[in-house]
Structures are given as structure tokens and as C-alpha cells.
Amino acid sequence: MHTDDELAALARAHLPADVAERWLPLCRPAVGLVPLRAGDVLTTVAGHLGGEPALPDDVPWPVTGDGRPLYHLATVDCAAVGLPARGRMVFFVDEALFDDDPDDADDADDDGPPAAEAARLVHVPAGTPVRPRATPARGNAYERTRLGARPGSTAPAADHPLVRREFGDAATAPGHPLHALAFARALASAGGEAEHRVGGHPSPLRRSVAYDVGGDPLAWQQLAQFDRSDPGIAWHGDDGVLLHWLIRADDLAAARFDRAVLTLRRPYRSVG
């Protein structure tokens, strides 16, 4: 992610002045989730990828419809990342979505929301008694990686509904300044870090995820994103997928995390 100042400098260097001044207010703050190095005592601890989740006794381990345990993807402290709710978000996902063999999944190359049973987001309110929960026997687990919180700013994709509302459909045309190759390259230069984040705009990959979930795309915002291209994480299966949890603003304010929806973006696969 970039800082506000970096995005402002990039916009003013690569866009016409009037376009830059209309585009910059569309950027959104986010909190990057960065793996913490040993001995780092300055970065706020935001949670962890993998490892054992801590759950209340009355919350069963989430499973798919045929009883396969979901994988614990991450646990994130709401306060550490500036969310209005308090407590922790515990993310689970079905790793069959990322199988290396596309023959094992009918729609392995499709973007968009998977079946509802393929993901679960559990909110554990602050003060709730919990205990560490071991991964069930039929499940698999990631190694635990501590995450720190790093505030930043994110830019909308050129086809994001906010951009289309501000600039009209012309913003999606190849000749529009927002599609300039130099501008796109500058936006992509975010230090080479994996794009795990809470809030902000989704990392762009082909088309905006706001159109995936139905209804008014302006009603949805990103709750969290996890990037399987992170080379420092021992992911299982296909490593090139972006996972986006989207939520409506009123549901976020009311801590109705069960209404969040997972959608995916996959890189193009080579065939042959």
C-alpha cells in the first residue's frame, strides 16, 4: 500500500490536474497486515495468519456441507485495525477452492463468490471466554505467522463504482487517463509486499469485486483481503488468489459479520 502523500504525488505526476483532484478523494484508508519480524516491538500486533484459533466453547469448528473442516486462515483484532466493533474476527475458508488440479473443481478458473459453505467469518466479541482450538483430524493448518498493523491508503480500480459515478462510463475506456500504463505501473509499485489488509479498496485484478455480490455495488465495501501470493506463507494449493471479504456499511457498524461475503480473484492460468 501507499501513503496518502504517495498517492497524491503519483496522481499529480501522471494524471491531468482536474482528473487528479477528482480521483484523489476516491482513495480510501486501509490497515495493512504485515508479517512481524522477530524483535519488532514497535508495530501494533493485529493478529495472526494460521495457527490455532481461539474460539468460545459453544462455537463449533466450521465445516463444509459434506463435513470437511474449513481451514483457519487468520484471526484479526478489531481494535488494532480500527474497526467500530470490538473483539476478534476469525476467518475460515475451504482450501479445496485453491486445489492445484483444476479437474478437481468444476469452476476452478472462475472468479466470484464461492458457495456460502466455503467460508465462515466468526466474530468473537471482546470479553468472551475462549480457548485455543486444535485443527480437526480431517483438516489442515497453516503455520502461525504474527501480523502487525500498518496504516496506509488504497486506490480504487478504474472500473470501481465510485470511479464510474465520478467520471462516468468513460473511465472504463482504454484511452482514459486512469488507464495510462505509466499510472498503472506507478500504482503497482507498493514495495513488493503481500496485500493483506483490512478496509480500503481491493487490490485490482481484472475487474472490481464490488460487482460480484449483487445489488447496488456502492453499498458494499471491503472488510478484509488476503493475498495468497505472499511467498513467506506456507499456503496450500494454488498460491495466486486474492480473497476478499465484502460487507455493507450498516452491517459493519452493527458487527453483523455473519453477513460478510467472500469473493475471489484468480490470476490467469497458463494452459498447455
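Entry remark, the stretch 134-158: residues being over 17 Å from Gln225 (Cβ atoms) and either open to solvent by 30 Å² or more (accessible area, probe 1.4 Å) or aliphatic (A, V, I, L, M) (or both) number 11 in total.
Of the residues making up the stretch 63-72, at least one is assigned to a loop (DSSP other than H, G, I, E, B), out of contact with any helix residue (DSSP H, G or I) (no Cβ under 7 Å at 6 or more places or on another chain), touching a residue at least 40 places away in the same chain (Cβ under 8 Å) and within 22 Å of Val124 (Cα to Cα). Looking only at residues of the stretch 51-75 that are small (Gly, Ala, Ser) and more than 17 Å from Trp245 (Cα to Cα), we find that the one that is most open to solvent (accessible area, probe 1.4 Å) is Gly65.
Evaluate the stretch 73-84: report whether one residue or more is touching a residue at least 12 places away in the same chain (Cβ under 8 Å), β-branched (Val, Ile, Thr), part of a loop (DSSP other than H, G, I, E, B) and closer than 23 Å to Arg265 by Cβ. So far as the stretch 73-84 goes, no, none of its residues is touching a residue at least 12 places away in the same chain (Cβ under 8 Å), β-branched (Val, Ile, Thr), part of a loop (DSSP other than H, G, I, E, B) and closer than 23 Å to Arg265 by Cβ. Tell me whether the stretch 28-48 contains one or more residues that are closer than 25 Å to Ser153 by Cβ and touching a Phe, Trp or Tyr at 6+ places or on another chain (Cβ under 6 Å). So far as the stretch 28-48 goes, no, none of its residues is closer than 25 Å to Ser153 by Cβ and touching a Phe, Trp or Tyr at 6+ places or on another chain (Cβ under 6 Å).
On the stretch given as the stretch 10-48, residues that are under 22 Å from Ser203 (Cβ atoms), assigned to a helix (DSSP H, G or I) and either open to solvent by less than 80 Å² (accessible area, probe 1.4 Å) or aromatic (Phe, Trp, Tyr) (or both) total 9.
For the criterion of being free of Cβ contacts under 8 Å to residues at least 60 places away in the same chain and surrounded by fewer than 17 Cβ atoms within 10 Å (Cβ to Cβ), Ala170 passes.
If we scan the stretch 238-255, do we find a residue that is open to solvent by 20 Å² or more (accessible area, probe 1.4 Å), modelled with pLDDT under 90 and assigned to a helix (DSSP H, G or I)? No: the stretch 238-255 contains no residue that is open to solvent by 20 Å² or more (accessible area, probe 1.4 Å), modelled with pLDDT under 90 and assigned to a helix (DSSP H, G or I). Selection over the stretch 83-126 of residues that are farther than 26 Å from Leu147 by Cα, of a type in the set (Gly, Ala, Ser) and at pLDDT 80 or above gives a count of 3.
State which residue is nearest to the chain's Cα centre (by Cα) when the search covers only the stretch 84-98 and only residues that are among the aliphatic types (A, V, I, L, M) and open to solvent by 20 Å² or more (accessible area, probe 1.4 Å). Among residues in the stretch 84-98 that are among the aliphatic types (A, V, I, L, M) and open to solvent by 20 Å² or more (accessible area, probe 1.4 Å), the one nearest to the chain's Cα centre (by Cα) is Leu97. Going by the conditions given, is Gly175 part of a loop (DSSP other than H, G, I, E, B), open to solvent by 40 Å² or more (accessible area, probe 1.4 Å) and either closer than 25 Å to Val76 by Cβ or at pLDDT 90 or above (or both)? No.
State yes or no: is Asp40 more than 27 Å from Val241 (Cβ to Cβ), touching a strand residue (DSSP E or B) at 6+ places or on another chain (Cβ under 9 Å) and acidic (Asp, Glu)? Yes: the conditions hold for Asp40.
In the stretch 4-34, the qualifying residues are those that are among the basic types (Lys, Arg) and over 14 Å from Phe167 (Cα atoms), and the one that is nearest to the chain's Cα centre (by Cα) is Arg28.
The values are calculated or read from the model by the stated rules, or taken from the named source; none is laboratory data. What you see is a predicted model, and the numbers here were worked out from it, not measured in a lab. Using ideal geometry, Cβ is built from the backbone for each residue, glycine included, and neighbour counts are taken over all protein chains shown. Each accessible area value is taken on the protein alone, full model and side chains, heavy atoms only, with ligands, DNA and RNA left out. Shrake-Rupley method; radii C 1.70, N 1.55, O 1.52, S 1.80 Å.
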